[in-house]
Amino acid sequence: MRRVLSNGSFLRFYVLLGLSLLVVFAIALGGRSFIEQIRREDYREQLAALPMSLMTRQLAEAPVEQREQLLNRLAERLELQLALVPINDADLGYFERARLEKGNVLVAESPWLLQQRLPGETWLLQARLEDWSEHQWHGSITLLGGWLVAQPNNERENRMAELPSGSWPLQLLSSLPNELTDEQRAKLASGSVVTQLVSDNLSITLFYQLPGETQWLQAGPISRGDTLPLNLHLPLLVGLMIVLSLIIYLIMRSIEARMARLEQAATRIASGRLETRVKVESGDFLGRLGMAFNGMANQVQSLLRGQQEMIRAVSHELRTPVARIRFAVQMVEDMTDQPAIRRQLQGIDADITELDELVDEILTYARLGGETINGAELETALVECRAMAERVIDTLSPLHKELTLTLAPGPEIELLAEPRYLQRALQNLVGNACRHAKTNVVIQLWDEPNLVRIDVEDDGPGIPPEARTDIFKPFARLDDSRARSSGGYGLGLSIVQKIMAGHRGSVTIDTSPTLGGARFTLLIPRRDPPA
């Protein structure tokens, strides 16, 4: 079973989700039991509220010397064991004393112990009984009826409203309900308490005729209160949803974090940092995916490294025969004075120079590719961008005297970069613009908050949008204006892109809004100086 779980991320996810559901179910059962216990305690307190409040009120209104006699009479009528004790002598906790101060009734079960403080006094009434039976119900109603008879007729409603009735809704009736039978009416006339049971919700209503009066006391309907109130249901459901959501979030967070690491590694490799690897933490599906990802990155890095090493080796090997050919051409040129032969030898020498420059380009491209593959950081220094652009113009202006090379005015800009490579990238772009411009090439520097932007614009024919992504490929050429006859080897823009990748920047191309030709843009992000 452990092997199955360790090899299946999603199976483990579902197992953890099932366990979380079991935990939530256990919490729900515990919460339900807790709420039921609170509901039962509340029901017992509400049930005892009327008789206890009535007895404490009568005891508080009675003279102190008559309280003992009144206690015996109340105990006999309700079949209770009653006692008055000082509240300071009672064994009570902090919260119990606080509830008594508010006038609440304390109820303990098995056997029942009811406690309530006398209003405005430091005495505590304690009532003990084995079980709550019908006798206590009837005794409470008769006790209340006798207390109401002693009140003035016009104050009975108000006095009854002041009395905490708990789960005993009280009313004074001037006529009996039609649902009562003749036998029940006769019992009421004889001074008995009549119990009416409604079978739909098992609610109980008690009736009692006030002695010597034509008024009837109705207590009820009193229900058992089996359903949980809404203010208890909602916190339980909300709590369960929060717990379940938290558990699912913690499970998904682990999976998402591992997937995010895979995504980050893929992004870094796509940007050329092939040394990136994924940390493998387990042998499950995601762990195997990470190992396969690392194997893929190793293979790609190995293949590209081999390719770069082969290019460098071939380029170096080409230098020796090129040097021998150039030496032989110079010897032949020194041995002859014939103009036709010397013109042919000069053409051969120009081709050799071009071949030598191509070898230099290939070596530069291979060196940049090797540094990208191996994850080497470029050695940066502070570069004066305007001074660098002026050096590029000074270098290329003598080679293109028919063109006007201009540096647009602007502020001095400093940037942390690799000076030699950055100047090479700008020189490649300016040289490419010079080969295709008609009269003007303009360089513009922009100092932005997080990067430096360098634009190189020309007034040449421009580059079609569909060909703009292909020109950065090695040895790529366009079929129209920017063709082989215009010069170049097809590696200049590829080298620019490699240099920008090493600086974690980019190179883009669009149409010049002022000159109408092509506009190449270098975007070099700013770096923090080394500590």
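Between residue 383 and 415, 416, 417, the built amide H atoms are under 5 Å apart, and every one of these is 5 or more places off in sequence or on another chain. Here the Karplus relation 6.51 cos²θ - 1.76 cosθ + 1.60, evaluated at θ = phi - 60°, turns the backbone of the stretch 379-386 into coupling constants of 7, 9, 8, 6, 10, 7, 5, 5 Hz, with x for every Gly and Pro. For residue 66 and residue 279, the difference between the fully extended length at 0.36 nm per residue and the C-alpha to C-alpha distance is 68.0 nm.
Based on alpha-carbon atoms, the Kirkwood radius and the radius of gyration of the stretch 1-152 give Rg/Rh equal to 1.32. How high is the FRET efficiency between residue 37 and residue 92 when r is their beta carbon distance and R₀ equals 22 Å, given to the nearest 0.05? The formula returns an efficiency of 0.65 here.
Note on the chain: Kirkwood hydrodynamic radius from all Cα pairs is 33.9 Å, rounded to one decimal. With a Förster radius of 35 Å applied to the C-beta separation of residue 270 and residue 397, the computed FRET efficiency comes to 0.35. The lysines whose alpha-carbon is closer than 21 Å to the alpha-carbon of residue 498, local same-chain residues fewer than 8 away aside, are 473. Residues 33, 165 ordered from highest to lowest accessible area at a 1.4 Å probe: 33, 165. Based on alpha carbons, the Rg and Dmax found for the stretch 374-459 are 13.5, 43 Å. Summary value for the stretch 244-355: 15 percent relative contact order, contacts being C-alpha pairs under 8 angstrom separated by 6+ residues. PRE reach from residue 352 (point 7 Å along Cα→Cβ): which of the stretch 296-317 fall under 20 Å by backbone N? Those under the cut-off are 315-317.
Rolled with a 1.4 Å probe across the full set of protein chains, the surface gives residue 296 an accessible area near 100 Å².
Across the chain, Cα pairs under 8 Å and at least six residues apart give a relative contact order of 10 percent.
For the listed peptides 211-218, 153-160, 503-510, a ranking on the average number of other beta carbons within 10 Å per residue, highest first, reads 503-510, 211-218, 153-160. With all protein chains in place and a 1.4 Å probe, the accessible surface of the chain carries 56 percent carbon and sulfur. 7 Å from Cα along Cα→Cβ at both residue 420 and residue 470: what's the point-to-point distance in nm? If labels sit at residue 420 and residue 470, their model points lie 3.5 nm apart. The mean accessible area for residues of the chain, using a 1.4 Å probe and ignoring ligands and nucleic acids, is 56 Å² per residue. The residue 296 and residue 256 beta-carbon pair, evaluated with R₀ = 35 Å, returns a calculated FRET efficiency of approximately 0.95. P(r) tail, the stretch 139-179: Cα-Cα pairs separated by more than 14 Å, 53% of all pairs.
At 1.4 Å probe size, put 102, 498, 473 in order of accessible surface, largest to smallest.
On the way: 102 165, 498 55, 473 110 Å².
So the residues, ranked largest to smallest area, are 102, 473, 498.
These residues, 91, 356, go from largest to smallest accessible area, 1.4 Å probe, as 91, 356. Roughly speaking, what % of Cα-Cα pairs in the stretch 318-366 are separated by over 17 Å, rounded to a whole number? Percentage above 17 Å: 37.
The values are calculated or read from the model by the stated rules, or taken from the named source; none is laboratory data. Keep in mind that what you see is a predicted model, and the values were worked out from it rather than measured. Virtual Cβ from ideal backbone geometry, glycine too; neighbours counted across all protein chains shown. Just so you know, the surface numbers come from the protein's heavy atoms only, side chains and all, with ligands and any DNA or RNA stripped out. Shrake-Rupley method; radii C 1.70, N 1.55, O 1.52, S 1.80 Å.
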